[in-house]
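Asker: Structure below; questions to follow.
The values are calculated or read from the model by the stated rules, or taken from the named source; none is laboratory data. This structure is a prediction, so every number in the text was calculated from the model and none was measured. Cβ placement follows ideal geometry from the backbone for every residue including glycine, while neighbour counts extend to all protein chains displayed. These accessible areas exclude ligands, DNA and RNA; they are computed on the full protein's heavy atoms, side chains included. Shrake-Rupley method; radii C 1.70, N 1.55, O 1.52, S 1.80 Å.
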Amino acid sequence: MNNNKPHTAYFCMEYGLDENMRIYAGGLGILAGDILKAAKEFSYPVTGIGLLWRKGYSKQVINEAGRPEDQHPVNNEIYEHAEDTGETVSVTIRDQEVTLKIWKLDKFDNATLYLLDANLPENRKYQTITDGLYDGFNEKRIAQEIALGIGGVKAIRKLGLNIDIYHFNEGHAALAGTELIREKIETGMDFHTAWDTVKDEIVFTTHTPVKEGNESHSLDSLKKMSAFNTLTRKQMKEIGDSPFSMTVAGLRLSRMSNGVAKLHGQTSREMWKNVAGKSPIISITNGVHRGTWVDDRIIENMGDTEAVYKTHQTMKQELVDFIKERNGAKLDPNKLIIGFARRATAYKRPNLIFKKSDLIDPYLESGDIQIVFSGKAHPTDDNGKEIVANLVKKAKEFPNSVVFLEDYNMEIARYMTRGVDIWLNNPRKPLEASGTSGMKAAMNGGLNLSILDGWWVEGCEHGINGWQFGDGYVGEGQDESDLYALYRVLLNEVVPTFYGNKDRWKDMMTESIATTYERFSAKKMLERYYSEMYNK
Ligand SMILES: *Cc1c(COP(=O)(O)O)cnc(C)c1O
């Protein structure tokens, strides 16, 4: 451990460390997991703080009718993987004392992660607050956020950790700020001096540029749930406005904030420009943990174009076999395979490619274009579920060229990002904050075909390491314009290169790896967190 680097406590609602450790839902958790792994690998003193989700996120399967169905089995593995520290802390939730057990997790080559767990009979109705990740709204969500934020700081004290920097990854952890302030007030400081003092130790990462994705709670609900944590209504309002926005609170509690890609930093600055007293929002582009996401065989052969191509063919065959086993579909490894996997939600437009059936269907019929989809809809997102149902329907229509893999997780992501030829990404710009799955594909020799949004604005060299489409256009008729742009690039550039110019394709694969491997690694990201956010 390098002792002259600041010791950072990293707070996050979810952690994606391993597919059997179902305490993650998606990109936010994968990012947090990758950060802890890179911290361990490169000796950065980071300690993770999270919640032990006994039921995890929804397990989403496709039912007989072809629709997604949510299941919530108890995630028993979790108690096998984690170690009981024997310590507990207590927080106040709606005037009731709630005990949180502290578990320690470090078996996935990750920097130590402490997970708080409310699953004790004495907690009565609050025993289940750490059951389901993102299953809580309003009061239940507040209870979960008290556990993460306030409970997290208390756990740090209980464990005697010496923390220099508190990093709130997303607004969920913002209530930690109230605890840090409360502690200072308890030593005799006034509120504003306390706030100024703790601000120096807090940094914040904002994520979603979708307005509704930024959570807020009424001050009345927060009060009722005891989330004021001894602060007054006026003080809470000063921190997070009324209603209390968790993002605004994060921006005001911290001395420095960041967006997760260059463009996203810019979008966030614009989005939050009217928030007085916020910290500066810089951009630190996400990265992925190479040991997790890049196949060893690719790393061994890096720089050797033919060997990389051969290795990629092997990984493609492994994906084809995986799909055959999972879904029974027989994809042709000699034909183009496109991958598309991410949360199923409207702005990511998973169905875009199917919009003009006269253009795309002939390719699906011949099998010259094969597409593998995966992704869960949020359990309460009916629109997202409709999207999934439509993808499943397409897969029935074209059984050997369209596939939907149910219950998207890290294992599926690993097979897909290693095995596909093309990673397709077509969000409605500028709503994709970063998008790390494309980096995973790029580093394994998969070529990105993406809208100029998120990280791809920085990564793309069109026709050299992948392709962009849409030219970054934002405005009226964007969907229609993106649609034709997609077909133009896919049908006039991607498909002809794949089938007609393999040498160029192989060169692009080599270039894809070379231009992303360092730049979009979690190592690089962590270096930047340390030099631009954590250091004073
Ligand atoms: C990488 C990854 C994500 C995040 O990918 P995006 O491109 O940001 O959507 C989500 N879920 C899983 C399982 C992943 O592996």
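Asker: Give the separation of the Cα centroids, segment 319-393 to segment 175-245, in Å.
Answerer: Here the two parts' Cα centres lie 42 Å apart.
Asker: Now a separate question. Contour minus end-to-end for Arg124 and Met189, with contour as 0.36 nm per residue of separation and end-to-end as the Cα-Cα distance?
Answerer: Between Arg124 and Met189, full extension yields 19.8 nm more.
Asker: Give me the distance in nm between label points sitting 7 Å out from Cα along the Cα-to-Cβ direction at Asp220 and Lys355, one decimal.
Answerer: About 4.3 nm, to one decimal.
Asker: How much accessible area per residue does segment 409-536 have, counting only protein heavy atoms and a probe of 1.4 Å, in square angstrom?
Answerer: With the other protein chains kept in place, segment 409-536 gives 33 Å² per residue.
Asker: Let me ask something else. Rounded to whole Å and sorted largest first, what semi-axes of the equivalent ellipsoid does the C-alpha gyration tensor of segment 27-96 yield via the square root of 5 times each eigenvalue?
Answerer: Three semi-axes, in Å: 29, 21, 13.
Asker: Give the Cα extents of segment 203-243 along the principal axes, in whole Å, largest first.
Answerer: 30, 22, 15
Asker: Which length gain, in nm to one decimal place, applies between Ser366 and Glu80 when the Cα-Cα distance is subtracted from 0.36 nm times their residue separation?
Answerer: 98.2 nm
Asker: Among DSSP bridges having both ends in the chain, what percentage is antiparallel? Round to the nearest 5.
Answerer: 30 percent
Asker: If you place +1 on the Cβ of every Lys and Arg, -1 on the Cβ of every Asp and Glu, and leave all else neutral, what size is the dipole of segment 43-91 about its Cα centre, to the nearest 20 Debye?
Answerer: 220 debye
Asker: If packing is taken as the average count of other Cβ atoms within 10 Å, what order do 377-386, 300-309 fall into, highest mean first?
Answerer: Per-residue mean Cβ counts within 10 Å order the peptides as 377-386, 300-309.
Asker: Determine the calculated [θ] at 222 nm for the chain from helices alone, applying -39500 (n - 2.57) to every DSSP H run no shorter than 4 residues and normalising by the residue count; nearest 500 deg cm²/dmol.
Answerer: Per the formula, -11500 deg cm²/dmol.
Asker: What is the log10 of I(q)/I(0) for segment 281-404, computed with the Debye formula using one identical point scatterer on each Cα and no solvent, at q = 0.20, 0.21 Å⁻¹?
Answerer: Rounded to two decimals, the profile gives -1.17, -1.20.
Asker: Can I ask one more? Hey, what do the phi angles of segment 310-322 turn into as Karplus ³J(HN,Hα) couplings, whole Hz, using 6.51/-1.76/1.60 and θ = phi - 60°, x for Gly and Pro?
Answerer: 4, 4, 5, 4, 4, 5, 5, 4, 5, 5, 4, 5, 4
Asker: With each label point set 7 Å from Cα along the Cα-Cβ vector, what nm distance links Ser242 and Tyr484?
Answerer: It is 5.2 nm.
Asker: Here is a further query. Could you pull the Cα extents of segment 43-176 along its three principal axes, largest to smallest, in whole Å?
Answerer: On the principal axes, segment 43-176 reaches 54, 40, 28 Å in Cα extent.
Asker: Let me ask something else. Once you have the alpha carbon radius of gyration of segment 290-520, what is it after dividing by 2.2 N^0.38 Å, with N set to its residue count?
Answerer: Against the compact-globule rule of thumb, the ratio is 0.93.
Asker: With a 10 Å radius around each residue's Cβ, average the other Cβ atoms per peptide and rank 426-434, 356-364, highest first.
Answerer: Highest to lowest by the protection proxy: 426-434, 356-364.
Asker: Just to confirm the number: angle between the C-alpha axis of helix 175-186 and the first principal axis of the chain, 0 to 90 degrees, nearest 10?
Answerer: Orientation of helix 175-186: about 20 degrees from the principal axis.
Asker: To check my understanding: the extent here is largest minus smallest coordinate of the Cα atoms along each principal axis. What are those three numbers for segment 63-134, in Å, largest first?
Answerer: Ordered largest first, segment 63-134 gives principal extents of 46, 37, 17 Å.
Asker: For segment 132-197, what Kirkwood radius comes out of the mean inverse Cα-Cα distance, in Å?
Answerer: 12.8 Å
Asker: Sorted by average packing, counted as other Cβ atoms within 10 angstrom per residue and highest first, what order do 190-201, 443-454, 258-269 take?
Answerer: Ranking, from highest mean packing down: 443-454, 258-269, 190-201.
Asker: In addition: Within the P(r) computed for the chain, what percentage of the Cα pairs occupies the region above 31 Å?
Answerer: 45 percent
Asker: Which residue, chosen from Ile181, Phe191, Val372, occupies the Cα position most advanced towards the positive end of the dipole of the chain, where the dipole is computed from +1 (Lys, Arg) and -1 (Asp, Glu) charges on Cβ about the Cα centre?
Answerer: It is Phe191.
Asker: Using the Cα atoms of segment 248-303 to build a convex hull, what is its mean projected area in square nanometres?
Answerer: 5.4 nm²
Asker: Return the equivalent ellipsoid semi-axes of segment 397-475 as a descending list in whole Å, where each equals the square root of 5 times an eigenvalue of the C-alpha gyration tensor.
Answerer: So the three semi-axes of segment 397-475 are 22, 15, 13 Å.
Asker: Compute, for the chain, the length of the dipole vector about the Cα centre, with Cβ point charges of +1 (Lys, Arg) and -1 (Asp, Glu) only. Units Debye, rounded to 20.
Answerer: Once rounded to the nearest 20, the dipole reads 800 debye.
Asker: Now, a different point. So, how do all the Cα-to-Cα distances of segment 185-298 break down into 5 Å bins, in percent, from 0 on up?
Answerer: Percent of pairs per bin, in order: 2, 11, 18, 19, 16, 13, 8, 6, 3, 2, 1, 0.
Asker: Here's another thing I want to ask about it. Tell me the chymotrypsin sites (Phe, Trp or Tyr not before Pro) within segment 84-181 that lie in a loop according to DSSP and have at most 13 other beta-carbon atoms within 10 Å.
Answerer: Here the sparse-neighbourhood loop sites are Phe137.
Asker: Given the Cα-Cα distance of Asn390 and Lys310 and 0.36 nm per residue of separation, how much length would full extension add, in nm?
Answerer: 25.3 nm
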